[in-house]
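All remarks here apply to the structure that follows.
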Amino acid sequence: MRFSRRDFLLTAGAASVGAVVPARYAFAEKEPLLHGLSSFGDLALPPDFKNFPYADPAALKGGVLALAPNGISGNQAFDTFNTLNMFSFKGQGAAGLNLIFDTLMTGSGNEPDACYGLVARGVTVSPNKLTYRFFLRPEARFHDGSPLTAEDVAFSLETLKNDEGTYPTYRLMMREMVSAVAEQKDIVRITFSPSRARDLHLIIAQMPIFSKSFYTAKKFSDATMEPPLGSSAYRVGKFEQGRFIEYERVADYWAKDLPVNVGLNNFDRIRYEYFRDRQVAFEAFKSGLLTFQQESTSRNWATGYNFPAIANGRVKKESIDSELPTTAQGWRFNLRRDKFKDARIREAIALAFDFEWTNKFIMYSSFKRTTSYFENSQMKAQGLPSPQELALLEPFRKDLPEAVFGEAYLPPVSDGSGTDRNLLKRANDLLMVAGCKRDGKVLRLPSGEPFTIEFFDFSTALQPHTGPFLSNLQRLGIEAKPRVVDAAQYQERVSKFDFDIMSVNAGGSLTPGDSLRLVYGSRAAATPGSLNYCGIAHPAVDAMLEKISNAHSRAELDVACRTLDRILRAEQYWVPMWYLGTSWIAAWDMYDRPANHPRFDSGAPMTWWVNPEKAKKIGKA
């Protein structure tokens, strides 16, 4: 349960200086051996650090953490699983499988863009920053006792990049990695192309490592219920397909005493319970079947935590703040549909959503309106473009709406009635200018077809929020309705981009980099299974992504992100939703935690441990 960057939304780049590589490695006599990597500036922790500041070395080992999966992420679903291969494009992967794989390096929750050695004891960087040699720890082992070597690392990276059956995100992300080669048993050389992004080597350093021999007689990308061989602090334990899966702590884990692991990986078992409905999962938490809950529903948070275990103190709830930028949550238009190709039509649809009413009457005034793709950060565009932003925008003036060069777009504030007549009139005017026509109560597209929209989802959780939105669209003559399917069908259709509008909650990053290409880049738009759900393929967007990926300073990065933000907002690619800015956490009172949580995370439950006395007191011994 360390800070993994498996979601690829934190990025990194340059390096800090450590010891010199031993003379026996003639190729690198003058290259320093680095204990970590970061994007801009020095690492916060020295080579001899003992543990992360937010981890308690005295944390006890033992006990159980029981929770429900968070929802669809990659090929993982909330309500079922049918494969233990989370990297395959086939099937629904089980939650938590990332727990079993070690990586060359691992991230810090106190630093925005840093990682420190795990399997790698150090790394050297060539002067042109295109060749990285990772020096592996000789004690690294897989769970079956076999050594983890450079051959395994090279096999893992080359497979994720080149196997057609793996999730497309990996292949897109790793396209500028030229090769991964085992030079010696304990040295892997990774080479990048000159067009590599600034942070690609950091992403590569935090990719999972597989056993090459384990997959000698198996097809890597097959969907399978055979537990894969890992090397991390946990291994797959008991499971029943679609019902639950447990991960067992490996008592003799080879890296348990490394500084990056001290005070972490404290639970003997981590158990994910699957439920067909989120409310049923909440009932399981109330009954004590689940012991930890990260709440995402305002109604539950405001009214649901009044059960007996809360009243008698056996369950505690709290809000935990962090400095992590908020996620960019919104309904994303699928621009592959002709009806959404006109930005005026997209803006008109967005005007029908009354956030103020929804926040007050559905979400208990708990949320703030999302207005930016980099909300709650210094990368958010505000006001008029700066001279530096204009310099980036000017070459694309003919390809951009004039609004990009004015005040950064903000969704209007409604009167809170739920049916703001002024906003609906503006929406109607935009539709008419875009060539739509009224036919009685029916709105017809410029093509003459009736305007229909499906709001696609795998859960009914958002229906109370979406309902008034749909009613306003129907007032405009648009036949708008929800379309809820099971998780497997949802994943299949999303992978094929077979939807009209869907809600997406894209993770916020402190140091955005090459991973943004997966969400907004033209290449990703044409790749089935990618994260570019909207189908954005815009030369100006691609140019800003290039600037972001290759920024050499925090100032350059901020300017490029603000410029990208202006373009995305002005082009009306989404209906922005809302953000919380804090974590709602509830847990049965059986856990202890360090005095301080990480700067950029709640620390829950990664840094926690079971207190046997507290567990005994509430009947959870």
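The values are calculated or read from the model by the stated rules, or taken from the named source; none is laboratory data. These numbers come from a predicted model, not from an experiment. FYI the Cβ positions are ideal-geometry reconstructions off the backbone, even for glycines, and counts take in every protein chain you see. These accessible areas exclude ligands, DNA and RNA; they are computed on the full protein's heavy atoms, side chains included. Shrake-Rupley method; radii C 1.70, N 1.55, O 1.52, S 1.80 Å.
Some observations on this one:
- Net length gained if the chain between K50 and T452 were fully extended (0.36 nm per residue, minus Cα distance): 138.8 nm
- The distance between label points at S553 and D252 comes to 5.3 nm (points 7 Å beyond Cα on the Cα→Cβ vector).
- Two-site FRET efficiency, R175 against E240, from Cβ-Cβ distance with R₀ of 41 Å, rounded to 0.05: 0.60
- Difference of contour (0.36 nm per residue) and Cα-Cα distance, T582 to V413: 58.5 nm
- Gained length - A595 relative to K496, 0.36 nm times residue gap less alpha-carbon distance: 31.0 nm
- The value of relative contact order for region 170-254, using C-alpha pairs under 8 Å at least six residues apart, is 16 percent.
- Carbon and sulfur %, accessible surface of region 422-468 computed with the full protein complex present, 1.4 Å: 57 percent
- The Cα center of region 144-171 and the Cα center of region 271-316 differ in position by 38 Å.
- Distance from the C-alpha centroid of region 552-574 to that of region 97-112: 28 Å, rounded to the whole angstrom.
- Within the same chain, aspartates and glutamates fewer than 8 places from K496 are excluded, and of the rest, those with a Cα less than 18 Å from its Cα are E164, D338, E454, D457, D486.
- One compactness figure for the chain is 0.98, namely its Cα radius of gyration divided by 2.2 N^0.38 Å.
- Here the simple spin-label model places points 7 Å from the Cα toward Cβ, and for Q463 and S365 these points are separated by 2.9 nm.
- Degrees between helix 150-162 axis and first principal axis of the chain (Cα, 0 to 90, nearest 10): 20 degrees
- The long axis of helix 421-433 is offset from the longest Cα principal axis of the chain by roughly 90 degrees.
- Most positive-pole-ward Cα, P468, V484, F455, against dipole of region 446-520 from beta carbon charges: P468
- Mean Cα-pair separation over length for the chain, i.e. relative contact order, pairs under 8 Å, 6 or more apart, %: 20 percent
- Residues in region 407-446 that a label on D338 would reach, taking backbone N under 12 Å of a point 7 Å out along Cα→Cβ: 445-446
- Take every Cα pair under 8 Å whose residues are at least 6 apart in sequence, average their separation, divide by the length of region 493-552, and the relative contact order is 33 percent.
- Across region 502-517, rounded Karplus estimates of 3J(HN,Hα) from the backbone phi angles (6.51 cos²θ - 1.76 cosθ + 1.60, θ = phi - 60°) give 9, 7, 10, 10, 7, x, x, 10, 6, 9, x, x, 4, 4, 5, 4 Hz, Gly and Pro being marked x.
- Efficiency of FRET from Cβ geometry, N422 and A488, R₀ 41 Å, rounded to 0.05: 0.45
- The calculated FRET efficiency for T191 paired with K481, based on their beta-carbon distance and R0 = 51 Å, is about 0.50.
- Cut-off 13 Å (backbone N to label point 7 Å along Cα→Cβ of K90), residues of region 152-174: 164-167
- Accessible surface for the chain, divided over its residues, is 40 Å² per residue with a 1.4 Å probe.
- With every protein chain in place, region 76-128: carbon and sulfur % of accessible area (1.4 Å): 52 percent
- GluC sites (Glu not before Pro) restricted to region 381-457 and DSSP loop, no more than 15 other C-beta within 10 Å: E407
- Centre separation in Å (Cα based) which lies between region 414-431 and region 579-600: 40 Å
- Largest-first ordering by accessible area, 1.4 Å probe, given options K185, K481, K238: K185, K238, K481
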